Every structure is written in structure tokens, then in C-alpha cells.
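Trainee: To start, I am sharing the structure in question, which I have written as C-alpha cells.
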Amino acid sequence: MDELQARVQQKLYRMQDLRDGLAAVRGRETSEDGVVTVEVDGNGALKDLAFSSGISRLTPDELERIVVQTAAAAARVAFEQRAELVNEYTAELAL
């Protein structure tokens, strides 16, 4: 019984580690021209958006396109990190 309880406790701790790891996931990307930097969380939600002084030479349409592209790239980074954590966790459960 002690062994079973220890295994369950270990799995619970590992699940908490996964939860904490997922909460810490961030994707951060900067546009090729360096004008826009976007940071998103593991769900792709915007956490930070920064602009360099180069923003003044962009049209509104250009700025919109760059922000959307950079945010999408940041989300891809975050989703890759999240998938890696989940895959590691799932692999451990299979053992």
C-alpha cells in the first residue's frame, strides 16, 4: 500500500510540475525589421507588445501586417514549447 501511495504522490507532483511548466510557457518574437516584438503565453494570448522607433516609417497597413505576422510567429514558438512539455509528460506516463 505504501508503494502505491508513493507512486500516486509522485504522479501528482509530476502533474503539478506540468501545470507550472505550462503556466510559464512564453513565445517571444521580433519582426525581421526589428520594429515589433511580441510575447504571448502558452495559449497564444498577448502578454507584451513593444515597438521600436522604426514604427514611424510604417503605414498603418504595414504595421498591422507586421504585428499579426510577429504575433503568429510568437504563438508558434509558445505552442512548440507547450507541445514539448505535454509530450514529455505523456511519455513518462507510458512508463
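The values are calculated or read from the model by the stated rules, or taken from the named source; none is laboratory data. Please read all numbers here as calculations on a predicted model, not as lab measurements. When we count neighbours, we look across all protein chains shown, and the Cβ atoms used for this are built from the backbone with ideal geometry, even at glycine. Calculation scope for accessible area: heavy atoms of the full protein, side chains included, ligands and nucleic acids excluded. Shrake-Rupley method; radii C 1.70, N 1.55, O 1.52, S 1.80 Å.
Trainee: Can you work out the Karplus-derived ³J(HN,Hα) for every residue in the stretch 78-85? Use 6.51 cos²θ - 1.76 cosθ + 1.60 with θ = phi - 60°, whole Hz, and x for glycine or proline.
Mentor: 5, 5, 5, 4, 4, 4, 4, 4
Trainee: For 93, 63, give me the order by solvent-accessible area with a 1.4 Å probe, most accessible first, ignoring ligands, DNA and RNA.
Mentor: Largest accessible area first, the residues go 93, 63.
Trainee: Return the Rg/Rh ratio of the stretch 43-87 with Cα-based radii and a Kirkwood Rh.
Mentor: Rg/Rh: 1.12.
Trainee: Moving to a separate point now. Applying the Karplus parametrisation 6.51 cos²θ - 1.76 cosθ + 1.60 with θ = phi - 60° to the phi angles of the stretch 64-71, what ³J(HN,Hα) value in whole Hz is obtained for each residue in order, glycine and proline being reported as x?
Mentor: 4, 4, 5, 5, 5, 5, 5, 5
Trainee: Determine the per residue accessible area of the chain with all protein chains present and a 1.4 angstrom probe, expressed in square angstrom.
Mentor: Here the residues of the chain average 71 Å² of exposed surface.
Trainee: Please give the solvent-accessible surface of residue 76 in Å², to the nearest 10, using a probe radius of 1.4 Å with every protein chain present.
Mentor: Rounded to the nearest 10, that gives 140 Å².
Trainee: Roll a 1.4 angstrom probe over the protein heavy atoms and tell me the percent of accessible area of the chain that is carbon or sulfur.
Mentor: Carbon-and-sulfur percentage of accessible area, whole number: 54.
Trainee: Let me ask another. From the alpha carbon gyration tensor of the chain, can you work out the equivalent ellipsoid semi-axes (sqrt of 5 times each eigenvalue) and give them in Å, largest to smallest?
Mentor: 41, 10, 7
Trainee: Per residue of the stretch 24-35, what does 6.51 cos²θ - 1.76 cosθ + 1.60 with θ = phi - 60° give for ³J(HN,Hα)? Whole Hz please, x for Gly and Pro, Karplus curve as stated.
Mentor: Ordered by residue, 3J(HN,Hα) equals 8, 5, 9, x, 10, 9, 10, 4, 4, 7, x, 7 Hz.
Trainee: Right, something else. If you keep only loop residues by DSSP, which GluC sites (Glu not before Pro) in the chain have at most 15 other Cβ atoms within 10 Å of their Cβ?
Mentor: 32
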